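Just below is one structure, and these are the notes that go with it.
Computed from the coordinates by the stated procedures, all read-outs in this text should not be read as laboratory data. If you're wondering where the values come from, they're calculated on a predicted model, not measured in any experiment. Note that each Cβ is placed from the backbone with ideal geometry, even for glycine, and that neighbours are counted across all protein chains shown.
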Amino acid sequence: MPAQLVPTQYMSTLFKTLEWRLKRRLGYQEAKIRAEIEQSGYFHSEWYLANYPELLNEPRAVKDPLGYYLASGIQQGHNPGPGFHTQWYLEEYDDVRNASINPLLHYLRHGRQEDRRPTPFLGGVQSIMHKQGGANHRVIYKTRRSADLSHVGRIKRLEHSEGVQIWREFSQTFRAQQGSLAQQEAEYLHNRGFLPNRKRLYKLPDTRVDAYISDLQASLLAQTNGPMQPLLENTELQWQLYNHRVPMVANPTVTKKAQPTGPVLKVILMMDPAGAGLVPLSVVATKKATAATVGMALSMQLSPNSGRTRSVARFNSSGTVVGPRKPVPWEKYRYKAAWQQASKDIIFPIQKESLYSFVQLDIDISTPTPMLIRLAATPTVEDFQVHGPLMQNQTAIDFMREFGI
Amino acid sequence: MFSTHKESIAHADDIASLQAWKDFTLRFWEESAPTIKEEQSRQLFHSGFYRSRATLYDLAENDLNAYLSDYQSLRLQSINQKYQTVLSDRVLCSHVMANYFDVEKNICIISKNGAQWIESPWWTTESSAPSMVQVHSLAPDDHTQYRKIQLAENRDSLAFQKTLINQLVEEAEEQSEALIISTAPVQHSWLTKVSPEGYHLLHVLLVREPDEGLPEIAAASLTVGSKANQSNTPARVEEGALSASINPQTGLITACRGLNQQGVIDTYLQHPDTAQTLVGEHLPNWEAIRKALLRFFDESSYLHVCSLSFVVTETGVSFFGTNTDVMAAHQMHQPLLEHPGIANHLNKVSG
């Protein structure tokens, strides 16, 4: 019987070591790190090359900016994108500096959960166009990033005057619409900032209740736009600002023409703290309720990437919902072309300016050329949330943490 | 309503008034004013006027309380409330103005964090390289950083142009201020003939009349520079530029006044350098300019008072900036408190 070279109890350790060495040799760890950073949204190739123009002379960096950042950029103190400030992170957190690890990886793996900030700038915004003095605005003051972000927790922290004013308006509207709601249900909805008809509309109570944008929260979200909020409250001003730059429906107060009544594309754009830019949170194509539709409005949720219809729902103001259901074949691509056109002609120029932190765009798609109707700071949340809660993905959670809403 | 400026300032205690007072006092001491008697200086301070107003308004002869004070001019801005945001950002302001007037193309914003190109850098699109650019502060009412930069001779020198951008970034960092580069307008040939020294800006004060809120041009004047006060920044009456009063209805230049070399206010019919006649001439294209101004203010119902400056061009006017600092140019000819629209707005803001 041949002598055993390695004792049995060490065999598993040996295999693990060999596996690890093999994976390292095959570039597995590096690939894993690359994937982790790419998925986080904190690395922006274009931003990286634009902010370190000397790299344009480095063929290696031009060919693979992320590879260059991992191999050399970190040592040179480069920032991966607008949402992460390498030098500041190292100066701020001694343990990261002493541990000599990739600071961005530390943030993604540990810092994010440990209530550490990735950048000293709110929302990652340093000096995006026009933002002198910071257009972003923290709504619930003195909020730690690890604070309780449930609806109940948010309302407890609502102390500043604008917030309490909004609370008063909400509670009065709730009382006016309360109807025959039972005491227990009224307490559940009111104390979380939802209007009475949301019970049937969102099928509350639900374990995902904190991922729905409440009506109180929708009003508070408007304030994240800070000094730019007046731009979203005045249609005359919006007409002046945008009509010669994006296709726009004529302002009724200027032209005395009625607003369009056909299908409308509604898009919520939200500041992505990782990229310090606006990204589409959700897109729906809606049709208003009419007598022909028995008072039921239509909402079709589209994929922001492809424009394909994901889900279809009908609802009315009392909270009755039919659906959401999967689209039938002829509904699948109904608004794809309109979304792609609107995305190119309207959404992109507004994203590029980055004036706002949270904004809803209403776009008329009844004509072959999509036309902007208006921008609004307070979203019409029911059009979006009949399909399910809005604030579920990592970007939305980071936004909530950052702005304390 | 208080009968004197001094009384109304003594009783102003709301935050907007206090903020306006703070801004006024800071500027009061920044102003390099002619030497005046201590007692008069004190009186001007407590009434909310800069020291230069003593000679510009000829206060030895005229009643100070008939004039809109510099403090009131700052205070008046709060009547636009939150919409002042639009008037305090050159990019937003340019978008709004582009609906009614010519607006120069904004190319690049320079801040301490670097350059943000609105258009592609001109060296990447050689065919559209401008021969001259102008640098403004991002705040449209601040003209202290203004200058024109000739690029034509260095059009081919990429190094020069990149160095220029880097210098501006350093400057923005040093002064903690954002700058904006845009193309430069070409002034109307008649005005260049009047005096070749820089732009002669047209200043317009728009208000709403008290009864129905209809737009009105409360005052219009042209500031004309001369050899004696040439500089990079737009000529100012405080530094010896002439102010030509324009009739808002007809565009006729009705009077021209300015400080002479002895620092005393003087009346001119012709430009002292070129002997070109000013008084009695009409501002080119005034009817079209007037219509555009009234249309702009009519469609901007969110604004109550607005003071704008323009470069007069061959085709009309090109937006230059907003201006809170040109009330003296208007008031050298007539006190603004006599205008019912101004008095009405002022009553509203100061209770």
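Quick notes
- Zone residues, region A:307-333, relative to A:Ala176, backbone N less than 18 Å from point 7 Å out along Cα-to-Cβ: A:317-319
- Chain A, Cα convex hull volume normalised per residue, Å³: 231 Å³
- Over chain B, the hull volume per residue, using the convex hull of the C-alpha atoms, is 143 Å³.
- What you get for chain A, charging only the Cβ of Lys and Arg (+1) and of Asp and Glu (-1), is a dipole of about 1120 debye around the Cα centre.
- Extending 7 Å from Cα along the Cβ direction at A:Gln183 and again at A:Thr8 yields two label points whose distance is 6.9 nm.
- Pairs from the table (B:Lys193/B:Lys291; A:Lys287/A:Lys332; A:Lys266/A:Lys336; A:Lys156/B:Lys82; A:Lys344/B:Lys112; A:Lys266/A:Lys287) lying more than 21 angstrom apart at Cα are B:Lys193/B:Lys291; A:Lys156/B:Lys82; A:Lys344/B:Lys112.
- Here the Kirkwood formula puts the hydrodynamic radius of region B:4-145 at 18.4 Å, using every distinct Cα pair.
- Between 0 and 90 degrees, the angle of helix B:158-175 with respect to the longest Cα principal axis of chain B falls at about 30 degrees.
- Compared with the alpha-carbon gap, the fully stretched path from B:Ser301 to B:Lys37 is longer by 90.6 nm at 0.36 nm per residue.
- Per-residue extension of 0.36 nm, minus the Cα-Cα distance of A:Asp64 and A:Ser150, leaves a gain of 26.9 nm for this segment.
- At an R0 of 22 angstrom, the distance between the Cβ atoms of B:Lys162 and A:Asn51 translates into a FRET efficiency of 0.90.
- If you run the Gaussian network model on chain A, springs between alpha carbon atoms under 10 Å, then out of A:Leu14, A:Leu66, A:Leu104 the most flexible one is A:Leu14.
- Alpha-carbon centroids, region B:246-262 and region A:317-396: separation in whole Å: 55 Å
- When the alpha carbon gyration tensor of region A:155-311 is reduced to an equivalent ellipsoid, its three semi-axes come out at 29, 22, 19 angstrom, largest first.
- With bins 5 Å wide beginning at 0, the percent of Cα pairs of region B:118-276 falling in each bin runs 2, 8, 13, 16, 15, 14, 12, 10, 7, 3, 1, 0.
- Within region A:30-124, all pairs of alpha-carbon atoms sorted by distance into 10 Å bins from zero give the percentages 16, 52, 29, 3.
- Relative contact order of region B:5-67, defined on C-alpha pairs under 8 angstrom at six or more residues apart (%): 38 percent
- Charge-dipole axis of the protein assembly as shown as Lys and Arg at +1 and Asp and Glu at -1 on Cβ define it, positive-most pick from B:Val305, A:Ala297, B:Thr55: A:Ala297
- Computed on chain A, with alpha-carbon pairs under 8 angstrom and 6+ residues apart, the relative contact order is 18 percent.
- Of B:Gly316, B:Gly280, B:Gly251, the residue with the greatest mean-square motion in the GNM of chain B, using alpha carbon springs below 10 Å, is B:Gly280.
- A:Ala337 paired with B:Ile149, simple spin-label distance in nm, labels 7 Å along Cα-to-beta-carbon: 4.7 nm
- Between B:Arg27 and A:His244, the simple spin-label model (points 7 angstrom out along Cα→Cβ) gives 2.8 nm.
- Across peptide B:82-92, the mean count of Cβ atoms from other chains lying within 10 Å of each residue's own Cβ comes to 5.
- C-alpha center-to-center spacing [region B:61-108, region A:224-303] in angstrom: 29 Å
- Over the protein assembly as shown: Kirkwood hydrodynamic radius from C-alpha pairwise inverse distances, Å: 29.9 Å
- Pairwise centroid distance, computed over Cα atoms, of region B:174-236 with region A:161-214, Å: 54 Å
- Listed residues A:Glu162, A:Glu353, A:Glu58, most fluctuating in chain A (Gaussian network, C-alpha, under 10 Å): A:Glu58
- The GluC sites (Glu not before Pro) of region B:140-214 that meet both conditions, a loop assignment by DSSP and at most 14 other Cβ atoms within 10 Å of the site Cβ, are B:Glu212.
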